[in-house]
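The values are calculated or read from the model by the stated rules, or taken from the named source; none is laboratory data. These figures come from a predicted structure and were not determined experimentally. Virtual Cβ from ideal backbone geometry, glycine too; neighbours counted across all protein chains shown. Heads up: the accessible areas ignore ligands, DNA and RNA and are worked out on the full protein's heavy atoms, side chains in. Shrake-Rupley method; radii C 1.70, N 1.55, O 1.52, S 1.80 Å.
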Amino acid sequence: MTTILQFKTERERTVLPSRDVRAPRPLLNALTIDVEDYYHVSGFDHCVSRKQWDDFPSRVGDSTRRVLDRLAEAGVRGTFFVLGWVAERHPDLVKAIHRDGHEIGCHSYAHRLIYEQTPQQFRVDLRLARLVLEDLIGEKVAAYRAPSFSITKQSLWALDILLEEGFIFDSSIYPTHHDRYGIAGTPLEPHRIDRPEGTIWEFPPPVWRLANYPLPVGGGGYFRLYPYALTRRGLEAINAAGRPFAVYLHPWEFDPEQPRLRPGLARAFRHYVGLRRTEDRLVRLLKDFRFGTMSQALGEWLPAPRRLLLAA
Ligand SMILES: [Zn+2]
């Protein structure tokens, strides 16, 4: 008898409220964090060698925990693309991110630009990072983001290696113009890319098509540089066009007290502009839009028949 009652209750809970009477929900967007320290960024490559990395005081633990606190307060889960080098030195941090319910993705091992590596070097770096991360969380890692979005026309071969290494999602192709990254003209919405090795899902960084120009909006330096109202308007326009977006930020963007490096004026501007604004802006952003992990955002956006393709 009890079983039948439970069955009925479960059925009622599943069936009601009906889809027809529910108000349409805003789109679910992806909140993504590239977990690296302030001295890892590609803009410092010419003035900081990898041999020096261990000499810098690490701040990634504290700044990532600040991000985790803001997300916990807002009840938001996101995707954290963790650098393998960081994961090896901060295993408890990776476990804490995972324990909080966030998705763990891979941000390479040593933050090398893909188009400056051979396919074999890329594979070795990728595999090492993946193994470090999977060992820590006890789960497969299926999402990848390249350092500085360095999958470009010259390095599309990296998608085949990602597929061979078991990755399902990528978020490395920026559909805009930039001196270091981007393939302008690629789709602005999440899409499948068919490659000789199979099919991978691409979830591009956010681009607002403004007067026919693909304007990056809602990530990294753009998020700190533009007035928040402009960012919000751009992101609203992306959702209004029926596309979810993938905001991206880095823990060092929440750390205005980080030691100052001297990469030259233009690079210093990109790295240091608006560091004091990031945290408050993230809090506003989390109130203004719906966010989840990259997998959740993609899963919710795809119509049901296409979701089966994702699972396949
Ligand atoms: Zn990075």
Query raised in the report: Largest first, what is the accessible-area ranking of HIS102, HIS178 with a 1.4 Å probe?
Result: HIS178, HIS102
Report summary line: The value for segment 159-212 (convex hull of the alpha-carbon atoms, volume per residue, Å³) is 80 Å³
Report summary line: Within segment 224-256, the residues whose backbone N lies under 18 Å from a label point placed 7 Å from the Cα of CYS47 along the Cα-to-Cβ direction are 252-253, 256
Requested in this report: Go through GLY75, VAL60, HIS40 and say which Cα lies farthest out towards the positive end of the charge dipole of segment 39-83; charges sit on Cβ, +1 for Lys and Arg, -1 for Asp and Glu.
Outcome: GLY75
Requested in this report: Can you tell me the relative contact order of the chain? Whole percent, Cα pairs under 8 Å, sequence separation 6 or more.
Outcome: 23 percent
Report task. When a/c is below 1.5 the answer is rounded, else prolate if a/b is larger than b/c, else oblate, so apply that to segment 42-143 with a ≥ b ≥ c taken from the square roots of the Cα gyration tensor eigenvalues. Result -> oblate
Query raised in the report: Per the Kirkwood definition applied to all pairs of different Cα atoms, how many angstroms is the hydrodynamic radius of the chain?
Result: 20.3 Å
Query - Rough spin-label spacing in nm, given labels placed 7 Å along Cα→Cβ, for ILE193 and ARG277 - result: 3.1 nm
Query raised in the report: With the dipole of the chain worked out from charges on the C-beta (+1 for Lys and Arg, -1 for Asp and Glu) around the Cα centre, which of ILE183, GLY105, PHE167 lies farthest toward the positive end?
Result: ILE183
Query raised in the report: By per-residue mean of other Cβ atoms within 10 Å, what is the highest-first order of 44-55, 287-298?
Result: 287-298, 44-55
**Report entry** Cα→Cβ-extended label distance, 7 Å offset, between GLU116 and ARG262, nm
**Finding:** 2.1 nm
Report task. Mind putting a number on the dipole of the chain about its Cα centre? Charges go on the C-beta only, +1 for Lys and Arg and -1 for Asp and Glu, and I need it in Debye to the nearest 20. Result -> 900 debye
Query raised in the report: If each of GLN154 and GLU139 carries a label point 7 Å out from its Cα toward its Cβ, how far apart are those two points in nm?
Result: 3.6 nm
**Report entry** Total charge dipole magnitude, segment 175-312, about the Cα centre, Cβ charges on Lys, Arg, Asp, Glu only, Debye to nearest 20
**Finding:** 320 debye
Query raised in the report: Around GLN258, with a cut-off of 11 angstrom between Cβ atoms, what is the net charge of the other residues, counting Lys and Arg +1 and Asp and Glu -1?
Result: -3
Requested in this report: Report the accessible area of LYS153, computed with a 1.4 Å probe over the heavy atoms of all protein chains in place, in Å² rounded to the nearest 10.
Outcome: 150 Å²
Report task. Give me the distance between the Cα centres of segment 25-94 and segment 105-126, rounded to whole Å. Result -> 17 Å
Report task. Multiply the residue gap between ARG25 and LEU131 by 0.36 nm, knock off their C-alpha separation, and tell me the result in nm, one decimal place. Result -> 34.4 nm
